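> Can you read through this structure? Questions will come right after.
The values are calculated or read from the model by the stated rules, or taken from the named source; none is laboratory data. Computed from a predicted structure; not experimentally measured. Here the Cβ positions follow ideal geometry from the backbone for every residue, glycine too, while neighbour counts run over all protein chains shown. These area figures cover heavy atoms from the full protein model, side chains too; ligands, DNA and RNA do not enter into them. Shrake-Rupley method; radii C 1.70, N 1.55, O 1.52, S 1.80 Å.
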Amino acid sequence: MDIPSKYVPSVTESKWYAYWMKNGYFRSTPDEREPYTIVIPPPNVTGVLHMGHMLNNTIQDVLVRRARMMGRNACWVPGTDHASIATEAKVVALLKSQGIEKRDLTREEFLEHAWKWKEKHGGIILEQLKRLGASCDWDRTLFTMDEKRSASVMKVFVDLYNKGLIYRGVRMVNWDPEARTAVSDEEVNYTEEKSKLYYVRYRIVGEDNYVTVATTRPETILGDTAVCANPVDERYTGLRGKKVIVPMVNREVPFIFDSYVDMEFGTGCLKITPAHDINDYEIGLKYNLPSIDVFNDDGTLSAEAGMFTGVDRFAARDLAEAELKKTGSLVKVVAYNNKIGRSERTNAVIEPKLSVQWFLKMADISKPALDAVLNGDVNLHPAKFRNLYRHWMENVRDWCISRQLWWGHRIPAWYYANNEFVVAETAEEALRLARTRSGNMNLGPNDLRQDEDVLDTWFSSWLWPITCFDGINSPDNPDIKYYYPTSVLITAPEILFFWVARMIIAGYEYRGEKPFGNVYLTGLVRDQQRRKMSKSLGNSPEPLELIEKYGADGVRVGMMLCSPAGNDLLYDDSLPEQGRNFANKIWNAFRLIKSWDADENISQPDSSATAIKWMEEVLKKSIHDIDLNFRKFRISEALMITYKLFWDEFSGWYLEIIKPEYQKPVDRATLNATISIIDRLLKLVHPFMPFITEELWQLLSARKDGESLMTELIPESGKFNRELLGDFEEVKETISAVRTVRKNNGIPARDKLELLIRADEHSFDARFLPVIIKLCNLSGISFVSEKRADAVSFMVNTTEYYIPVSGTQDIEGELKRLNEELHYNKGFLASVMKKLENDRFVQNAPASVLDLERKKKSDAESKIKSLEEEIERLMGI
């Protein structure tokens, strides 16, 4: 069989992905098997593949492929999110580049442009995922604004409104002046930024005296409706019942007292601007203060400000500073580091703003979701995130679900006479309700006006595990009954609260059941300086270029090798390079095996028979360990075990033992066993590296058209012989020690050596001696009862070995080695003694642990004695 000398990923990947697609291996329909379900965290329809997607989707694909090979009916549902803010921003920018302003379009005209943009760009990221090897059921591809998902969102909104959980009201929200919409608390990123602290004088009414207030935002002075101090602050007790004059606008406002004020900040005196600070808003409600909104939606100053109308807020800050100086109200300006909230989507500085919005009451609806995580119905991996989750859920606030955008699910509320409104799934139902409620049967469609706002994108995403199977519109359909709850969700910790938690809430509200049993939280992909990957920093490689360079399998392994759950991945190109090297290792090992000719007439060497027995035990133990790590969602660790199994145990030891001499045949029994072993290894590696393993499995034996490794059953573990595995580790140590003697004494590998073992030949375990003879190129092994002065010695465990060497022995080098070994063993004995001399340890440790520690002590003492004797012997030469 002609197998190319080099593995070429690009040819293999396109060939086998097309084969899998043609044969429908990714498809899933309900049947009698146990389901294994993952719904993809839908990437933004605006998105292209980035490093975070690569990590997240590699993990999902590993789990799905493994589940398939375990005989489960694996269903991985793909889809994209309409991403209201991000998509609208993209479309607005595109239109602007064509000389078209959004404000010059009707809603319908704008949406026509948006849908065209979505159709052109919306599927890019899903096609890119195919290059990674993602085995999604592409026939199930969804979009959060498709017909069924949109109908589901409307149903849920109406249902929650009718339950009294959705309400409309004026509240303080996070306002993004660039996107001109409210955003949720979770979509605000806070950063420490250099700012200024302005000390401003407010004159006391009726007195020739002032109070000084410190503020970072002098432009909001125009909206001040009170000044406040702490009631226990003795500096201001004389101001009870008095008023002060707001500078620039000369407005008289009350001086009030509230324990909220921090006496240590600034002057201990706080200006109260209810329209532009959440805490001021709460104080304003408490003391019935008026609220003056000094900003327009775009962040410019409003007519209500009374000054600087139409000027951008940051320019108005400079103007306010100049005006305060001019009127003598500015005492001083000092540098100040301030926490600034910025919009996650646009990076604009967030403006706290009073606004009429729609809200979902969260206090009661979220309780089952908190209980689910605390009682273990939903498991977070790693578990350290449980406390964060609990903190958020115990302090949950009502969810602002409306956004001032056009792209998205339009709020199903219709207004009629006197700004009364009804909530309904359709315009027809709304008209019927409005007629009934108003008693005016003459109301027509033109008398109703639908709410202009759309719903927060997360209001559709929180239903995703249910709507993926149309479980809102059709609660008893076969898909939702079979696939829900899903098996696991793979996502990032930063959306644990405003996506994961809300999905759990929706699951209990609409299915009475959790949406998934496990949540695997990935870390962030960062560079070696621990900076988040971003195009603006220029530190984010192009994923498709990595796939071109290292192959999809190489990139998958590279992303997985150093990314335990919840921990950040510090990326550099050495990771996919290591993955590519692993692919080459697998390829070359396979080529070696397929290059051997089998001779039916030669008998199996003892070394090969022993190696096969050992390798079978290694396989069983490794499969056990891999299974255990998958159950604990230690996927990176499972890969590392698989990696070492193939690279170290199979290639580094097993193949070296059974390999025939150059251009000589191998016996049939050994070749058959080896083909069986590599068949199982390819199955274990397949979930991590699907392309190369499919290619080699197809070359391993004659396959029928339509057969695939991905539908084979993964090997199962069995009881394994720990004693045999432990004994073979001593064999490895012996072989390594002999090779070290060769190296230190300049003995060529082709020269045969004699190995002497100081032990009783009849009681010594001779099973592995043929392996030692072959790998060490020995002329023979003999047993001796006395030390050998004419030989180089070494110890494995408590057994002494000698190798007679001709010529001058490097006494100095040997002494150095022995003293280093003696130092190590003395240190090891000291650590063991520390435990055994600890009464608490001795009293509480299980008997088996104590026996093990005592054996360690005995072995170390024996080894130290032998080393000291050997050092003394060499010193006398």
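> Restricting attention to region 336-368, which residues are out of contact with any Phe, Trp or Tyr (no Cβ under 6 Å at 6 or more places or on another chain) and closer than 19 Å to L463 by Cα? Even if it seems obvious, please write down each step before you answer.
Applying the first criterion (out of contact with any Phe, Trp or Tyr (no Cβ under 6 Å at 6 or more places or on another chain)) to region 336-368 yields 336-338, 340, 342-350, 352, 354-358, 361, 363-367.
Within region 336-368, W358, K361, A363, D364, I365, S366, K367 meet the criteria.
> Name the residue, out of D527, D553, that is over 30 Å from D456 (Cβ atoms) and in contact (Cβ under 8 Å) with a residue 60 or more places away in the chain.
That would be D553, the only listed residue that is over 30 Å from D456 (Cβ atoms) and in contact (Cβ under 8 Å) with a residue 60 or more places away in the chain.
> Can you work out which of the residues in region 701-722 that are open to solvent by 10 Å² or more (accessible area, probe 1.4 Å) and in a helix (DSSP H, G or I) is nearest to W587 (Cα to Cα)?
Only one residue tops the list, namely T711.
> Okay, moving on. Please go through (1) within 30 Å of V805 (Cβ to Cβ); (2) open to solvent by less than 60 Å² (accessible area, probe 1.4 Å) for R739 and return the number of the only condition it doesn't satisfy.
(2)
> Please return the ranges of helices (runs of 4 or more DSSP H) entirely within region 627-697 where 2 or more residues are closer than 30 Å to V488 by Cβ.
On the way: elements: 635-644, 655-658, 668-685.
Hits in region 627-697: 635-644, 668-685.
> Additional query: Which one is modelled with the highest pLDDT, of the residues in region 1-28 that are charged (D, E, K, R) and in a loop (DSSP other than H, G, I, E, B)?
Per the criteria, the residue is R27.
> Sticking with this one: Among the residues of region 410-428, are any in a loop (DSSP other than H, G, I, E, B), free of Cβ contacts under 8 Å to residues at least 40 places away in the same chain, open to solvent by less than 30 Å² (accessible area, probe 1.4 Å) and touching a helix residue (DSSP H, G or I) at 6+ places or on another chain (Cβ under 7 Å)?
yes
> Got a number for residues in region 185-211 being part of a strand (DSSP E or B) and either small (G, A, S) or more than 26 Å from S355 (Cβ to Cβ) (or both)?
Counting residues in region 185-211 that are part of a strand (DSSP E or B) and either small (G, A, S) or more than 26 Å from S355 (Cβ to Cβ) (or both) gives 14.
> Within region 658-665, is there a residue that is closer than 27 Å to R703 by Cα and open to solvent by 20 Å² or more (accessible area, probe 1.4 Å)?
Yes, region 658-665 contains a residue that is closer than 27 Å to R703 by Cα and open to solvent by 20 Å² or more (accessible area, probe 1.4 Å).
> Among the candidates A182, A214, which residue alone is of a type outside the set (D, E, K, R), closer than 30 Å to W392 by Cβ, open to solvent by less than 10 Å² (accessible area, probe 1.4 Å) and part of a strand (DSSP E or B)?
Only one candidate passes the filter, namely A182.
> Given the residues D553, D606, D572, which is the only one that is open to solvent by 30 Å² or more (accessible area, probe 1.4 Å) and at pLDDT 90 or above? So that I can check it myself, show each step before the final result.
Details: D553 fails: open to solvent by 30 Å² or more (accessible area, probe 1.4 Å); D572 fails: at pLDDT 90 or above.
Every option except D606 fails the conditions.
> Please identify the pairs in which a residue from region 172-186 that is under 13 Å from T457 (Cα atoms) has its Cβ atom under 7 Å from the Cβ atom of a residue that is of a type in the set (S, T, Y) and assigned to a strand (DSSP E or B), counting only partners at least 6 apart or on another chain.
Pairs found: A182/S355; A182/S402; V183/S343.
> Within region 348-370, can one find any residue that is surrounded by 21 or more Cβ atoms within 10 Å (Cβ to Cβ), under 26 Å from the mean Cα position of the chain (by Cα) and not hydroxyl-bearing (S, T, Y)?
There is at least one residue in region 348-370 that is surrounded by 21 or more Cβ atoms within 10 Å (Cβ to Cβ), under 26 Å from the mean Cα position of the chain (by Cα) and not hydroxyl-bearing (S, T, Y).
> From the list I803, I811, which residue is of a type in the set (A, V, I, L, M), in contact with a strand residue (DSSP E or B) (Cβ under 8 Å, 6 or more places away or on another chain) and under 29 Å from L755 (Cβ atoms)?
So the residue among I803, I811 that is of a type in the set (A, V, I, L, M), in contact with a strand residue (DSSP E or B) (Cβ under 8 Å, 6 or more places away or on another chain) and under 29 Å from L755 (Cβ atoms) is I803.
> Okay, next question. Do any helices (runs of 4 or more DSSP H) entirely within region 29-140 hold 2 or more residues that are open to solvent by 10 Å² or more (accessible area, probe 1.4 Å) and of a type in the set (F, W, Y), and if so, which?
Values: elements: 51-69, 84-97, 107-121, 124-132.
Per the criteria, 107-121.
> I've got another one for you. Just the residues that are farther than 20 Å from G79 by Cα and open to solvent by 40 Å² or more (accessible area, probe 1.4 Å), please, taken from region 19-28.
Within region 19-28, K22, N23 meet the criteria.
> What about N446, is it not aromatic (F, W, Y) and not in a loop (DSSP other than H, G, I, E, B)?
Yes.
> Next up: How about region 772-798: which of its residues are within 30 Å of K857 (Cβ to Cβ), open to solvent by less than 30 Å² (accessible area, probe 1.4 Å) and within 56 Å of the chain's Cα centre (by Cα)?
I772, V792, S793, F794, M795, V796
> Out of N518, N581, N539, report the one residue that is at pLDDT below 95 and surrounded by fewer than 23 Cβ atoms within 10 Å (Cβ to Cβ).
Exactly one of N518, N581, N539 is at pLDDT below 95 and surrounded by fewer than 23 Cβ atoms within 10 Å (Cβ to Cβ), namely N539.
> A follow-up question, please. Which of the residues spanning region 266-323 are open to solvent by 10 Å² or more (accessible area, probe 1.4 Å), within 42 Å of the chain's Cα centre (by Cα) and among the small types (G, A, S)?
Once the filter is applied, which keeps residues that are open to solvent by 10 Å² or more (accessible area, probe 1.4 Å), within 42 Å of the chain's Cα centre (by Cα) and among the small types (G, A, S), region 266-323 yields G266, A315.
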